[in-house]
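The values are calculated or read from the model by the stated rules, or taken from the named source; none is laboratory data. Bear in mind that the values here come from a model prediction, so they are computed numbers and not experimental data. Note that each Cβ is placed from the backbone with ideal geometry, even for glycine, and that neighbours are counted across all protein chains shown.
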Amino acid sequence: MTHELATLVILAGGESRRMGFPKHTLLIDGVDVLTHLHRQLGQLFAETIVVGRDEAVDGSAVRCVRDAYGIRSPLVGIHAGLFASRTDRCLVVACDMPYVASSLAEHLVERSGEADVVVPIVRGYFEPLCAVYRRTCVEAIEGLIECGILKVSRLYDLVSVLRIEEETIREFDPELRSFENLNIPGQTPSGS
């Protein structure tokens, strides 16, 4: 099922300090993680936007955008994706989380009519980089950035939030692979 009113936003602007090289160049099943994520999830969405990199994604019509603030922060990346999106809702995924289950992505988008943000809770913590944000968040995000507040979870105090508990998440992703990060040099993607 394609969500014509939703956009896939892949954040790829991080500095990759722990990895030592750009994470978006890691290969999974013979393709870079951006292409992998687009192939895995892109067909579910009206469009795909990559924030922070001017990279070709498997020859597709993926749009690449930069943030308006010149600050490397996931919150700034979320803002750029929302601002550039042609739709009201965006599933935001970090490029170092290449195993997001398509069924979970669909569930999060389906629930997004209920709040400004739909965010998973895993092991008691928010997972803000595998969450749905609506364009209604743009003004609140701009206010936070202008105050120098860059922690994504601070946004949740200013907008309506629907928390998706771990028990529900495991119905779509029993092993919670959607939340595995690739952050350590020598860490080998295991494929999907």
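Data table
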{"item": "Segments classed as strands (runs of 3 or more DSSP E), wholly inside the stretch 74-192, with at least 3 members that are at pLDDT 95 or above and closer than 27 Å to ASP29 by Cβ", "result": "89-94, 130-134"}
{"item": "Leading residue by the ranking (modelled with the highest pLDDT) among those in the stretch 39-73 that are more than 19 Å from LEU108 (Cα to Cα) and acidic (Asp, Glu)", "result": "ASP67"}
{"item": "Which listed residue is touching a residue at least 24 places away in the same chain (Cβ under 8 Å) and surrounded by 21 or more Cβ atoms within 10 Å (Cβ to Cβ), from SER112, SER102", "result": "SER112"}
{"item": "Members of the stretch 5-38 found to be among the acidic types (Asp, Glu), modelled with pLDDT under 75 and at negative phi, listed by number", "result": "GLU15"}
